[in-house]
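Peer 1: Here it is: the structure, laid out below.
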Amino acid sequence: MTPYSLAFYMDVVATGTVLGAKPTDTPDQVAEALGPDFAENSFDVHGMWRDYGLVEFFWSRASADDQWSGHHFTLQVHRLAGGGGKTVNRSVRDRYGRFDRRLRHEKLRRLLERRGTPLLEIPDPSNAPNYRTFWQPDSLVSISVLSAHEEFLTPDDLRIGDVYSISAPTTPEEVEWRRSRRQAG
């Protein structure tokens, strides 16, 4: 058995879901999976996100009369370094237990490979050289990993090789766009 939070991260990367909630789910569907304890944020009527501590889900819509359409989710893993386990939503904690303050990319990668869930490194021209990005093409999950420290651009409480965030979906089209930007630059 994989201990504690590693099982959670492996499940998210392998399935592209958080406790079964997909990036395309409605706000109600996500609340059903993660519970009612969230902060709701919006800059205007076109975009909204719900912050569940470690997990954030994002939605968009064309107008205030339209339904919310799921856009993506992000696990803000870096928040654990400062806030520890209390950053983790109760539904996630109840299912997976204790969460460490840091997630080492190489450990997660090795465990995923043993499970048959390989990661591919993809270009991240906007964030290089401070971050590297790894992608799981079946689940469309991407993992951002700290690769260099730079004042004001990277967190001081993470070590090189720590996971910064995990997001989905990262589509094949986005991966190709990143590759073309790298080649053009």
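The values are calculated or read from the model by the stated rules, or taken from the named source; none is laboratory data. All values reported here derive from a predicted model rather than from experimental measurement. When we count neighbours, we look across all protein chains shown, and the Cβ atoms used for this are built from the backbone with ideal geometry, even at glycine. The protein model used for the area step is the full one, side chains on, heavy atoms only, and it has no ligands, DNA or RNA in it. Shrake-Rupley method; radii C 1.70, N 1.55, O 1.52, S 1.80 Å.
Peer 1: Assuming Ser142 fulfils every condition listed in (1) of a type in the set (Gly, Ala, Ser); (2) surrounded by fewer than 18 Cβ atoms within 10 Å (Cβ to Cβ); (3) in contact with a helix residue (DSSP H, G or I) (Cβ under 9 Å, 6 or more places away or on another chain) apart from one, which condition is it?
Peer 2: Just one mismatch for Ser142, condition (2).
Peer 1: I'd like to know if region 99-122 contains one or more residues that are more than 22 Å from Tyr4 (Cα to Cα) and surrounded by 17 or more Cβ atoms within 10 Å (Cβ to Cβ).
Peer 2: Yes, because at least one residue in region 99-122 is more than 22 Å from Tyr4 (Cα to Cα) and surrounded by 17 or more Cβ atoms within 10 Å (Cβ to Cβ).
Peer 1: Looking for something of a type outside the set (Lys, Arg) and either within 21 Å of Ala33 (Cα to Cα) or not in a helix (DSSP H, G or I) (or both) - is there at least one such residue anywhere in region 171-181?
Peer 2: Yes.
Peer 1: It is to be established whether one or more residues within region 32-49 are modelled with pLDDT of 95 or more, buried (at least 19 other Cβ atoms within 10 Å of the Cβ), touching a His at 6+ places or on another chain (Cβ under 9 Å) and aromatic (Phe, Trp, Tyr).
Peer 2: Scanning region 32-49, I find at least one residue that is modelled with pLDDT of 95 or more, buried (at least 19 other Cβ atoms within 10 Å of the Cβ), touching a His at 6+ places or on another chain (Cβ under 9 Å) and aromatic (Phe, Trp, Tyr), so the answer is yes.
Peer 1: Collect the residues in region 87-125 that are touching a helix residue (DSSP H, G or I) at 6+ places or on another chain (Cβ under 9 Å) and free of Cβ contacts under 8 Å to residues at least 12 places away in the same chain, keeping them in residue-number order.
Peer 2: Answer for region 87-125, where residues must be touching a helix residue (DSSP H, G or I) at 6+ places or on another chain (Cβ under 9 Å) and free of Cβ contacts under 8 Å to residues at least 12 places away in the same chain: Arg93, Gly116.
Peer 1: Could you tell me how many of the residues in region 69-98 are open to solvent by less than 20 Å² (accessible area, probe 1.4 Å), part of a loop (DSSP other than H, G, I, E, B) and among the polar types (S, T, N, Q)?
Peer 2: 1
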